[in-house]
1. For residue 146, indicate whether it is over 19 Å from the mean Cα position of the chain (by Cα), outside any loop (DSSP other than H, G, I, E, B), in contact (Cβ under 8 Å) with a residue 40 or more places away in the chain and buried (at least 17 other Cβ atoms within 10 Å of the Cβ).
2. What is the one condition in (1) modelled with pLDDT under 90; (2) among the aromatic types (Phe, Trp, Tyr); (3) outside any loop (DSSP other than H, G, I, E, B) that residue 243 does not satisfy?
3. For residue 165, only one of the following conditions fails: (1) open to solvent by 20 Å² or more (accessible area, probe 1.4 Å); (2) without any contact (Cβ under 8 Å) to a residue 40 or more places away in the chain; (3) closer than 28 Å to residue 232 by Cβ. What is its number?
4. The conditions are (1) surrounded by fewer than 19 Cβ atoms within 10 Å (Cβ to Cβ); (2) under 23 Å from residue 227 (Cβ atoms), and residue 122 fails exactly one of them. Which is it?
5. Exactly one condition in (1) surrounded by fewer than 19 Cβ atoms within 10 Å (Cβ to Cβ); (2) within 21 Å of residue 282 (Cα to Cα); (3) not charged (D, E, K, R) is false for residue 138; which is it?
6. Are any residues in region 309-351 part of a loop (DSSP other than H, G, I, E, B) and modelled with pLDDT under 65, and if so, which ones?
7. Collect the residues in region 225-267 that are open to solvent by less than 30 Å² (accessible area, probe 1.4 Å), among the small types (Gly, Ala, Ser) and within 14 Å of the chain's Cα centre (by Cα), keeping them in residue-number order.
8. Taking region 168-207 as the search range and keeping residues that are touching a Ser or Thr at 6+ places or on another chain (Cβ under 7 Å) and within 30 Å of residue 133 (Cβ to Cβ), which one is surrounded by the fewest Cβ atoms within 10 Å (Cβ to Cβ)?
Amino acid sequence: MKLIQKSIFYLCLACVSSCSAEVTSDITPLPDITINSFPVIDGSDSTDPLRDLLMCKILGFEYKWERRPFTQDPQADIKEIIPEYTCSEADWRYLETTCLKHSNTHQSFINLIDDKVELVIAARSISRDEKAYAEETGVTLIEKPIAKDALTFMVNPSNPVSNLSISQLQQIYTGEITNWKEVGGNDEEIRPYVRNRNSGSQEKFETLVMEGLKIAEFPELQVGLTMMSPYYQLEEDKQGIGFSPFYYYSVIVDNGSTKAIGLDGVPMTKDNVQNNTYPYTTYVYAAVRSDIDRNSTAYELFEFLTTPAGQDIVNESGYVPLNQNSAIGGIHDDSEIIVSTKYTDLKGVLHKKPRKGIMLKTDVYKNGKSKISKILVE
């Protein structure tokens, strides 16, 4: 189907277009930052490689990708960036212990609000709980998207199911669908896995996928407390289903221990994240406090991340850049991010996808406001 009216379905990218900077050169110089002036950066587990790579690029260190040798099978462990430091031991220890924090998504935002860190790079924007805490303490943040990601749903590799409709996925997590045979799989009970509240992927799951639907109360054993929990559980559980950021699945883990499934017939691939055809494409955010010194190195890095050179680093890290051919500047505005879109036909019937004919398209924004427009679908 083709929308005659130019769709604003992908307005998440346009959330920065109103203040986009015109590109005058394809070459952006790296920020002039030294070890002593390097800012304190925190973020989600899944953005660790990007933060490490950013540090190496800015300070001129070589680096390599390695799997952490913490298990009997090193090929089964996660991959990470290993810097090859050319500075003193005191300096690299300072960088690793003081400048590069690893507090997970929720705690990194709390640290930013509490002014314990200067810059956050996380797999989502500020959550409802964190925003409430910020309001209590009189703090506001500046956020903006710096990369694209996706929420990936995974099963055990032996599971014959390779695709679910969005409706089927939602019914699995509301408890309405309980057997894999109901969705084309084996005659076995479905065991869904969820994450802890305020984790980056759980926040996205609740807001993007469930859209206010009541999630069934699964046993506490099935709640993963770390980024690796869904992988460890699904590797052993042939009947399970869980979710994770696509970047974590395809770059950090990338060992075949789980299988990503498609949704609504769209395979879970990097290309489909890039072209926005995968239904749960998401964004990686950078955030600073609004009272930050605009001459600080933290703010300089915040701005740098959406320049062409910054986006090259994003791309090299394995994330999908916002737009490889343009610089994107300015601050993130909640009022411009669409969190859900629904369609109403002329009979007043609601649809989650556009149908042929004239429809009313309702976009609901992150700040709670909505916009209705009339479209013609052929």
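The values are calculated or read from the model by the stated rules, or taken from the named source; none is laboratory data. These figures come from a predicted structure and were not determined experimentally. Cβ placement follows ideal geometry from the backbone for every residue including glycine, while neighbour counts extend to all protein chains displayed. Ligands, DNA and RNA are excluded from the accessible area calculation, which covers all protein heavy atoms including side chains. Shrake-Rupley method; radii C 1.70, N 1.55, O 1.52, S 1.80 Å.
1. No; evaluated as a whole, the condition is false for this residue.
2. Here residue 243 clears every test but (1).
3. The number of the failed condition is (2).
4. Of (1) surrounded by fewer than 19 Cβ atoms within 10 Å (Cβ to Cβ); (2) under 23 Å from residue 227 (Cβ atoms), only one is false for residue 122: (1).
5. Every condition holds for residue 138 apart from (2).
6. Passing the criteria: 324, 325, 326, 327, 328, 329, 330, 331, 333, 337.
7. 244
8. Here is the first cut: in region 168-207, the residues touching a Ser or Thr at 6+ places or on another chain (Cβ under 7 Å) are 189-190, 195, 198-201, 203-204.
Narrowing further to those that are within 30 Å of residue 133 (Cβ to Cβ): 195, 198-201, 203-204.
Values: 195: 23, 198: 18, 199: 25, 200: 31, 201: 27, 203: 22, 204: 22.
Ranking the qualifying residues of region 168-207, first place goes to 198.
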